[in-house]
Amino acid sequence: MILFVDACVRTHSRTKKLAEALLSKLNDETVHIALEKISFDVTDEAYLKKRDDLISQGLFDDDMFALARQFAVADTIVIAAPFWDLSFPAMLKQYIEAINVLGVTFEYTSEGIPKGLCRANKLYYVTTAGGSFVPLEFGFGYIKTLAQNFYGIDNVEIFKAVGLDIAGADVEAIMDEAIRREW
């Protein structure tokens, strides 16, 4: 099962168009999570206390951990997030906070090193940017670090189209080139 984590909000999102092309190439059962339709809880003291209490009791079947459980059992993960303000939309960070659950998506070794508990063998990060200044460490790098160091997903790739809003850019050609990429 492919888990499609969609942080795209625009009706004609170029990032979502790339993601849909990738999903078509992967051609497998897909579960779509539209992050804009999720009302994430505020991470305040009460939220953290409830979360910590549930984790300490091993009560991972609580609804609070539904997204983490879903993420942990996916075979492949596709995250679609436009490049905004040197990163990704805030709702993706909220999603990450919801899935980063000790005992579900990762655990700690006796040395205090995170060890992944996720089934996925591959994570694709799909993004687009209007400009050409797209430092990877701020969006993709963060996701890649979590995937490899917390979730146990070693194979992480970026699928991107950049320079889409530069004066004179042939947007269709840039998008087509990205979509034709071999996987």
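The values are calculated or read from the model by the stated rules, or taken from the named source; none is laboratory data. Note that the structure is predicted; figures quoted are calculated from it, not measured. We place every Cβ from the backbone using ideal geometry, glycine too, and count neighbours over all the protein chains shown. When the accessible area is computed, the model is the full protein with side chains, heavy atoms only, and any ligands, DNA or RNA have been set aside. Shrake-Rupley method; radii C 1.70, N 1.55, O 1.52, S 1.80 Å.
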Taking 45 Å as R0, compute the FRET efficiency from the Cβ-Cβ separation of Asp170 and Thr43 and round it to 0.05. 0.60
Could you tell me the distance between the Cα centroids of the stretch 140-183 and the stretch 66-119, to the nearest Å? 18
For Met1, the net charge from surrounding residues (Cβ-Cβ under 14 Å; K, R +1; D, E -1) works out to 0
What 222 nm value per residue comes from the helices of the chain, counting each DSSP H run with n ≥ 4 as -39,500 (n - 2.57) and dividing by all residues, nearest 500 deg cm²/dmol? -9500 deg cm²/dmol
For the stretch 115-183, give the percent of accessible area contributed by carbon and sulfur heavy atoms, probe 1.4 Å, rounded to a whole number. 50
Compute for the stretch 26-183: radius of gyration divided by Kirkwood radius, i.e. Rg/Rh, restricted to C-alpha atoms, rounded to two decimals. 1.01
Whole-Hz ³J(HN,Hα) for each residue in the stretch 6-13, computed from phi via Karplus 6.51 cos²θ - 1.76 cosθ + 1.60 with θ = phi - 60°, x for glycine and proline: what do you get? 9, 9, 8, 10, 6, 4, 10, 5
3J(HN,Hα) from dihedral phi, the stretch 80-87, Karplus parametrisation 6.51/-1.76/1.60, rounded to Hz, x for glycine, proline: 10, 8, x, 8, 10, 6, 6, 7
Lysine pairs in the stretch 42-183 8 or more apart or on different chains: how many have alpha carbons under 24 angstrom apart? 12
Give me the net charge for the shell around Tyr151: Cβ to Cβ below 12 angstrom, other residues only, Lys and Arg +1, Asp and Glu -1. +2
